[in-house]
Amino acid sequence: MIEVKNIHKYFGENYVLKGISATFREGVCNLIIGGSGSGKTTLLKCMVGLHEPEEGSVIYDSRDFTRMNFESRIEIRTEIGMLFQGSALFDSMTVEENIMFPLNMFTEQSRKEKRERANFCLERVNLAGKNLLFPAELSGGMKKRVGIARAIAMNPKYLFVDEPNSGLDPKTSIVIDELIQELTEEYNSTTVIVTHDMNSVMGIGENIIFLHQGEKWWEGSNKEIAHTDNKELNEFVFASKFMESAKAKF
Ligand SMILES: Nc1ncnc2c1ncn2[C@@H]1O[C@H](COP(=O)(O)OP(=O)(O)OP(=O)(O)O)[C@@H](O)[C@H]1O
Ligand SMILES: [Mg+2]
């Protein structure tokens, strides 16, 4: 479980997160949704220590990450798997080397152990045998799956995924969502996903927070979202639905 308490974040004059508090549960997909610029990625980055909030705390199973020194944070970092916007694979490394990267960084495993782990993770995302390809030789969906394989290489207790479906066709998006959900259940991980894909929201959104202009505007489940009378959330949901039906027309 991860708790964020009263997170405030400024970039200069720009007040981006205005006191966000939320609980992200283990074994389920926790979604952060909201319009572009609402602060979703910033919140995720504050949670993993890529940004420092001006105020507030992030607590990993009773461990206060925000108040830890560098060394103590490393311990929690080894329990975190991340897949950020755009996959961010290393282009000059093969698929296998990409997946082995966190193992090289954080473990003392032998080359053989690391290779076996890479093979296991590749199999898990249905990419067995693609070890020696370079990212440029992969489709968008395959890149995402390699990114997921790298994110799970360390058996993470906490999994962070920013826009897993951006740039993917709807069918591949569902495959990726289902994969993340399966892994979450399998590892009982606390998974936090940033998305603005309504299919994902309805499919895997067991615990959702909706950000609006840097504030937590609503929280609930996919079952509740359809019946909400929250104006801004409805606009967000409706705009997505409208886009879908518009796309279907053309
Ligand atoms: N490193 C940064 N330096 C300065 N301002 C930033 C930085 N990162 C984000 N911002 C600002 O913070 C605000 C929120 O950005 P953020 O990336 O969190 O939005 P988002 O909800 O993830 O949007 P999107 O759906 O487009 O990815 C924006 O106004 C953005 O300009
Ligand atoms: Mg973002």
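Condition first: touching a residue at least 12 places away in the same chain (Cβ under 8 Å) and not aliphatic (A, V, I, L, M). Now tell me which residues in region 127-143 satisfy that. Give the derivation first.
Initial filter on region 127-143 (touching a residue at least 12 places away in the same chain (Cβ under 8 Å)): 127, 130-136, 138, 140-143.
130, 131, 134, 135, 140, 141, 143, listed by residue number.
Regarding residue 200, is this residue away from ligand 2 (no atom under 16 Å from the Cβ) and buried (at least 21 other Cβ atoms within 10 Å of the Cβ)? Spell out the reasoning first.
On the way: away from ligand 2 (no atom under 16 Å from the Cβ): no; buried (at least 21 other Cβ atoms within 10 Å of the Cβ): yes.
In short, no.
Okay, residues lined up against (1) under 16 Å from residue 94 (Cβ atoms); (2) of a type outside the set (S, T, N, Q); (3) in contact (Cβ under 8 Å) with a residue 60 or more places away in the chain:
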| site | (1), (2), (3) |
| --- | --- |
| 119 | yes, no, no |
| 125 | yes, yes, no |
| 145 | yes, yes, no |
| 171 | no, yes, no |
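Within the bounds of region 2-23, is there any residue that is away from ligand 1 (no atom under 16 Å from the Cβ) and over 25 Å from residue 217 (Cβ atoms)? Step through it out loud before you land on a result.
Step one: list which residues in region 2-23 are away from ligand 1 (no atom under 16 Å from the Cβ), which gives 2-3, 5-6, 21, 23.
Remaining after also requiring over 25 Å from residue 217 (Cβ atoms): none.
The answer is no; no qualifying residue exists.
With the requirement that a residue be over 23 Å from residue 58 (Cα atoms) and in contact with a Gly (Cβ under 8 Å, 6 or more places away or on another chain), what does region 186-213 give you? Reasoning before the result, please.
As a first pass, look at region 186-213 and keep what is over 23 Å from residue 58 (Cα atoms): 186, 196-204.
196 - this is the single residue of region 186-213 that is over 23 Å from residue 58 (Cα atoms) and in contact with a Gly (Cβ under 8 Å, 6 or more places away or on another chain).
Considering every residue within region 24-36, establish whether at least one is assigned to a strand (DSSP E or B) and without any contact (Cβ under 8 Å) to a residue 40 or more places away in the chain.
Filtering region 24-36 for residues assigned to a strand (DSSP E or B) gives 24, 29-34.
Within this subset, residues satisfying the condition of being without any contact (Cβ under 8 Å) to a residue 40 or more places away in the chain are none.
No, region 24-36 contains no residue that is assigned to a strand (DSSP E or B) and without any contact (Cβ under 8 Å) to a residue 40 or more places away in the chain.
Which of (1) of a type in the set (S, T, N, Q); (2) under 18 Å from residue 162 (Cβ atoms); (3) outside the structural domain of residue 213 (by TED's automatic domain parsing) is the odd one out, the single condition residue 94 does not satisfy?
For residue 94, the exception is condition (2).
Scan 106, 70, 120, 84 and give me the residue that is surrounded by fewer than 17 Cβ atoms within 10 Å (Cβ to Cβ), among the aromatic types (Phe, Trp, Tyr) and under 30 Å from residue 14 (Cβ atoms). Talk me through it step by step, then tell me what you get.
On the way: 106 fails: under 30 Å from residue 14 (Cβ atoms); 120 fails: under 30 Å from residue 14 (Cβ atoms); 84 fails: surrounded by fewer than 17 Cβ atoms within 10 Å (Cβ to Cβ).
Only one candidate passes the filter, namely 70.
Would region 36-52 turn up any residue that is more than 15 Å from ligand 1 (Cβ to nearest atom) and out of contact with any Pro (no Cβ under 6 Å at 6 or more places or on another chain)? Lay out the reasoning, then the answer.
Kept after step one, since they are more than 15 Å from ligand 1 (Cβ to nearest atom), are these residues of region 36-52: none.
No - not one qualifying residue is present in region 36-52.
Can you name every residue in region 41-60 that is without any contact (Cβ under 8 Å) to a residue 60 or more places away in the chain and not in a helix (DSSP H, G or I)? Please lay out each step first, then the result.
We begin by selecting, within region 41-60, every residue without any contact (Cβ under 8 Å) to a residue 60 or more places away in the chain; these are 42, 45-46, 49-59.
Passing the criteria: 49, 50, 51, 52, 53, 54, 55, 56, 57, 58, 59.
Could you tell me which residue of region 192-235 is nearest to ligand 1 (Cβ to nearest atom), considering only residues that are closer than 26 Å to residue 152 by Cα and among the hydroxyl-bearing types (Ser, Thr, Tyr)?
Filtering first and then ranking leaves 195.
Somewhere in region 27-49, is a residue among the hydrophobic types (A, V, I, L, M, F, W, C), more than 16 Å from ligand 2 (Cβ to nearest atom) and touching a strand residue (DSSP E or B) at 6+ places or on another chain (Cβ under 7 Å)?
For region 27-49, residues among the hydrophobic types (A, V, I, L, M, F, W, C), more than 16 Å from ligand 2 (Cβ to nearest atom) and touching a strand residue (DSSP E or B) at 6+ places or on another chain (Cβ under 7 Å): present.
Only one of (1) away from ligand 1 (no atom under 16 Å from the Cβ); (2) closer than 30 Å to residue 35 by Cβ; (3) not basic (Lys, Arg) is not met by residue 98, so which one is it?
Against the list (1) away from ligand 1 (no atom under 16 Å from the Cβ); (2) closer than 30 Å to residue 35 by Cβ; (3) not basic (Lys, Arg), residue 98 comes up short only on (2).
The values are calculated or read from the model by the stated rules, or taken from the named source; none is laboratory data. All values reported here derive from a predicted model rather than from experimental measurement. Neighbour counts are summed over all protein chains in view; Cβ atoms, including those assigned to glycine, are modelled from backbone coordinates with ideal geometry.
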